[in-house]
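Read the structure below first, then the notes.
The values are calculated or read from the model by the stated rules, or taken from the named source; none is laboratory data. Only a predicted model underlies this, so the values are computations on that prediction, with no experimental measurement involved. Cβ: placed from backbone, ideal geometry, glycine included. Neighbour counts: every protein chain shown. The protein model used for the area step is the full one, side chains on, heavy atoms only, and it has no ligands, DNA or RNA in it. Shrake-Rupley method; radii C 1.70, N 1.55, O 1.52, S 1.80 Å.
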Amino acid sequence: MQGDWREMNNRSTSKFRDTRHFQTPHLEVLNDESPIRQLHSGSIPAWQQAGADFVWSPYTQMKTTPLPIPVVATDGVYLILDDGTRLIDGMASWWTACHGYNHPHIIAKVTEQLQRMPHVMFGGVHHEPALRLASRLANLLPGDLKHVFFSDSGSVSVEVALKMAVQYWLNRGITGRSKFLSFRHAYHGDTTGAMSVCDPVNSMHSHFKGFLLEQFTHAVPQIDAEFDELDRFLRDTRETLAGVIIEPLVQGAGGMKFHPPESLLRLRQLCDEHDVLLIADEIATGFGRTGTMFACEQASIVPDIMCVGKALTAGTMSLAATVATDRVFDAFWSDDPACALMHGPTFMANPLACAAANASLDLFETEPRLAHVAEIETRLAEGLEPCRELVGVVDVRTKGAIGVIQVAELHHVEQLRATIVAEGVWLRPFSDIVYMTPPLTISDEEINTLCGTVRETMARWATW
């Protein structure tokens with residue numbers, strides 16, 4: 001209902017617009033249950049007052065949520081708010097801004113492409129940015145992952161992967177193999193097919209049970225007994241399985257759960273033994289986040305299908321890809337039109353996005369990103385470890401440029417977010433975790449500030 005943001009604060013729209021300098025409660029008294037009305041205590045810009053009622057925000061209960069932070073610009077690792085406040089972005093805009101914001105090389109290449117050709121359909125058309133990007137991805141990805149299908153978002157790339165896997169069997173004349181095995185705490189996106197391979201119980205999509213296709217779910221195996229159980233399951237269900245899908249090494253939005261490379265290696269071996277396709281969802285983990293260009297490299301495996309997105313364009317615009325091996329692609333290579341992959345997003349292979357992605361790959365080639373990720377991991381581990389001793393904290397873990405503090409119960413979450421913002425950092429704690437995925441360009445001083453802010457804020461949170 002229009003005006004819910006105002007009702008939440010017990011203010012009418014007109015009264016809200018008159019409240020130009022509303023302040024959140026003083027930080028020292030954020031431990032009460034009073035609602036946080038806005039995440040940033042500065043004045044509310046006119047454009048936010050005028051437009052806030054008309055936006056439906058992601059992953060948000062609109063009636064009770066505080067007013068979001070008003071971002072007007074970005075710079076390096078910083079978000080710049082309307083009043084000039086600078087926040088270290090500890091999330092790299094949901095893992096995307098791997099080179100930080102506004103890198104001059106990326107801006108220059110996108111500007112050149114914008115002036116030449118911002119978009120053209122990809123059906124029956126080729127253009128240089130897309131073909132160059134596809135060939136570069138093919139050379140970067142492990143093994144014979146070299147058949148690149150572009151799409152416009154990570155969720156869609158997962159949809160394409162599922163569709164590819166099912167049709168792979170149909171094109172080979174094998175029917176009945178249409179189900180997937182995914183894992184507890186999995187998250188693969190918010191479109192219906194992707195939702196079906198998320199954790200059916202412990203995910204934000206659990207209340208869609210009965211609407212979504214029902215798939216199989218197992219714990220990510222890490223010990224012999226769990227692999228033996230998975231082996232038996234694959235043996236019993238292989239005739240119905242199109243594939244197994246996993247987020248390699250790090251399960252992201254399902255709670256930042258980590259598993260070792262050995263789990264991936266043995267999973268690949270089991271899929272080979274039972275002739276089941278393996279899909280690696282590297283949308284979040286790809287492009288250096290875990291310490292290697294792609295997480296699968298740490299297990300020395302080649303999935304049959306890989307999904308990439310997020311940092312593909314270094315946070316400039318949306319682009320994703322589903323990449324298949326020769327084995328998968330060859331099942332579609334036919335004189336029969338019915339064997340073609342019938343999928344085609346309107347903005348697939350958008351030239352602007354491809355230009356940004358190519359520029360990002362240039363930077364991975366010319367700047368020491370992966371070496372810096374190792375340094376980030378060390379600093380995150382050292383900087384966050386003291387939080388382990390806090391009341392309510394159950395684990396502290398790091399992997400590459402990912403830092404996670406897991407708590408028994410994430411209470412006072414909006415107060416926590418507002419306090420972090422007031423200290424000059426942007427994070428978005430959720431579920432039972434406070435996590436960091438900063439830009440891979442973050443400096444030592446900035447990461448020290450990030451970790452110091454989190455330590456101090458979590459120490460305060462533990463007393464609430």
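Of the residues making up the range 248-276, those that are in a loop (DSSP other than H, G, I, E, B), out of contact with any His (no Cβ under 7 Å at 6 or more places or on another chain) and touching a residue at least 40 places away in the same chain (Cβ under 8 Å) number 6. Against the condition open to solvent by less than 40 Å² (accessible area, probe 1.4 Å), in contact with a Lys or Arg (Cβ under 7 Å, 6 or more places away or on another chain) and either over 24 Å from Ala253 (Cβ atoms) or hydroxyl-bearing (Ser, Thr, Tyr) (or both), how does Thr96 come out, does it pass? Considered against the rule, which asks whether it is open to solvent by less than 40 Å² (accessible area, probe 1.4 Å), in contact with a Lys or Arg (Cβ under 7 Å, 6 or more places away or on another chain) and either over 24 Å from Ala253 (Cβ atoms) or hydroxyl-bearing (Ser, Thr, Tyr) (or both), Thr96 comes out as yes. Out of Ser360, Ser334, one residue alone is within 29 Å of Asn448 (Cβ to Cβ), modelled with pLDDT of 95 or more, not in a strand (DSSP E or B) and not assigned by TED's automatic domain parsing to the domain that holds Thr453. It is Ser360.
Being under 24 Å from Ser157 (Cα atoms), of a type in the set (A, V, I, L, M, F, W, C), open to solvent by less than 30 Å² (accessible area, probe 1.4 Å) and assigned to a loop (DSSP other than H, G, I, E, B) holds for only one residue in Ile279, Ile245, Ile283, and it is Ile283.
Taking the range 293-318 as the range and being open to solvent by 20 Å² or more (accessible area, probe 1.4 Å) and either without any contact (Cβ under 8 Å) to a residue 24 or more places away in the chain or among the acidic types (Asp, Glu) (or both) as the test, only Glu297 passes.
Of all residues in the range 193-223, those that are assigned to a loop (DSSP other than H, G, I, E, B) and exposed (fewer than 15 other Cβ atoms within 10 Å of the Cβ) total 9. Report whether or not Phe227 is modelled with pLDDT under 95 and farther than 30 Å from Thr441 by Cβ. So Phe227 does not fit the description; no.
Looking across the range 322-369, the residues that are open to solvent by less than 30 Å² (accessible area, probe 1.4 Å) and β-branched (Val, Ile, Thr) come down to Thr322, Val323, Thr325, Val328. Here Tyr101 does not fit the description of being out of contact with any strand residue (DSSP E or B) (no Cβ under 6 Å at 6 or more places or on another chain) and of a type outside the set (A, V, I, L, M). Of everything in the range 125-151 that is open to solvent by 50 Å² or more (accessible area, probe 1.4 Å) and part of a loop (DSSP other than H, G, I, E, B), the residue that is nearest to Cys296 (Cα to Cα) is Gly143.
Scanning the range 179-192 for residues that are assigned to a strand (DSSP E or B) and open to solvent by 50 Å² or more (accessible area, probe 1.4 Å) returns a single hit, Lys179. The residue that is nearest to Val71 (Cα to Cα), counting only those in the range 403-457 that are of a type in the set (A, V, I, L, M), touching a residue at least 60 places away in the same chain (Cβ under 8 Å) and in a loop (DSSP other than H, G, I, E, B), is Leu427. Within the range 219-235, residues that are free of Cβ contacts under 8 Å to residues at least 40 places away in the same chain sit with their Cβ atoms under 7 Å from residues that are assigned to a helix (DSSP H, G or I) and of a type in the set (D, E, K, R), at 6+ positions apart or across chains, in these pairs: Ala219/Glu226.
Let's see how each residue does on (1) over 26 Å from the mean Cα position of the chain (by Cα); (2) outside any helix (DSSP H, G or I):
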| residue | (1), (2) |
| --- | --- |
| Trp94 | no, no |
| Ala97 | no, yes |
| His105 | no, no |
| Glu112 | yes, no |
| Gly123 | yes, yes |
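Pairs are defined by a Cβ separation below 6 Å, a sequence spacing of at least 6 or placement on different chains, a first member in the range 83-95 that is under 14 Å from Gly403 (Cβ atoms), and a second member that is open to solvent by 10 Å² or more (accessible area, probe 1.4 Å) and among the small types (Gly, Ala, Ser); the pairs so defined are Trp95/Ala284.
Residue-wise test of (1) surrounded by 24 or more Cβ atoms within 10 Å (Cβ to Cβ); (2) under 20 Å from Ile376 (Cα atoms); (3) assigned by TED's automatic domain parsing to the domain that holds Gly252; (4) not acidic (Asp, Glu).
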| residue | (1), (2), (3), (4) |
| --- | --- |
| Gly392 | no, no, no, yes |
| Val425 | yes, yes, no, yes |
| Thr441 | no, yes, no, yes |
| Asn448 | no, yes, no, yes |
| Val454 | yes, yes, no, yes |
